[in-house]
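Below you'll find the structure I mean.
Read-outs: derived from the displayed coordinates by stated rules, not from any lab. Values in this document were obtained by computation on a predicted structure and should not be read as measured data. Don't worry about glycine lacking a Cβ; one is built from the backbone with ideal geometry, like all the others, and counts go over all protein chains shown.
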Amino acid sequence: MNVYSRLQATAKRLIEKYGQTGTGTRLVNAGTSYDPTQTPATFSCQLVVLDYEDSRVDGALIKRSDKMIYVSTAGLTSGLEQSDKIAVGTDEYSIVSLKPLNPAGTIVYWEVQGRR
């Protein structure tokens, strides 16, 4: 087990312990390529929702109502995509920005800027 695998395991454990379960939704294409039908596919994820520090809120790129969401890789069959939505309880967030903490090709967790 390399050092990044240990970091990934630690991130999974901490997000599971202090976070909550959320639901991701992704539109997937079904049917023929010339007449596809988009249907929503949902997946469960472990995440932590945090407010941004006041010093990072500029009103343009980061709005006061935006949330910083850390999503664990545990249980994800594929990575997150910019077009995905994340629901936590009754709140649904669009993904404004998305970046994996990805040292040496091992995704430790996903950092999402979510906006309602």
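Using only the Cα atoms of the chain, construct the convex hull and provide its projected area averaged over every direction, in square nanometres to one decimal.
Mean projected area for the chain: 9.1 nm², to one decimal.
For Asn2 and Thr42, FRET efficiency with R0 = 35 Å and r from the beta-carbon atoms, rounded to 0.05?
E between Thr42 and Asn2, to the nearest 0.05, is 0.60.
I would also like to ask the following. Nearest 0.05, what FRET efficiency do Ala9 and Asp54 give at R0 = 25 Å with Cβ-Cβ as r?
The value I calculate is 0.15.
So, one more: From the phi of every residue in the range 33-38, what ³J(HN,Hα) in whole Hz does the Karplus formula 6.51 cos²θ - 1.76 cosθ + 1.60 yield, where θ is phi - 60° and glycine or proline is x?
5, 8, 8, x, 10, 8
A further question follows. To one decimal place, what orientation-averaged projected area in nm² is obtained for the convex hull of the Cα set of the range 1-60?
Orientation-averaged projected area of the Cα hull: 8.3 nm².
List the lysines whose Cα lies under 21 Å from the Cα of Lys12, skipping any in the same chain that are fewer than 8 positions away.
Those lysines meeting the cut-off are Lys67, Lys85, Lys99.
Between Thr25 and Arg64, how high is the FRET efficiency from 1/(1 + (r/R0)^6) when r is the Cβ-Cβ distance and R₀ = 25 Å? Nearest 0.05.
After rounding to 0.05, the efficiency reads 0.50.
Another question, if that's okay. Using θ = phi - 60° and the Karplus form 6.51 cos²θ - 1.76 cosθ + 1.60, what ³J(HN,Hα) does each residue of the range 63-79 get, whole Hz, x for Gly and Pro?
Calculated HN-Hα couplings, in order: 8, 4, 7, 5, 10, 8, 10, 9, 10, 6, 7, 4, x, 7, 7, 9, x Hz.
Please state the charge dipole magnitude for the chain, taken about the Cα centre, from unit charges on C-beta atoms (+1 on K and R, -1 on D and E), reported in debye and rounded to the nearest 20.
260
Where does each of 55-68, 84-97 land if you order them by average Cβ count within 10 Å, highest first?
84-97, 55-68
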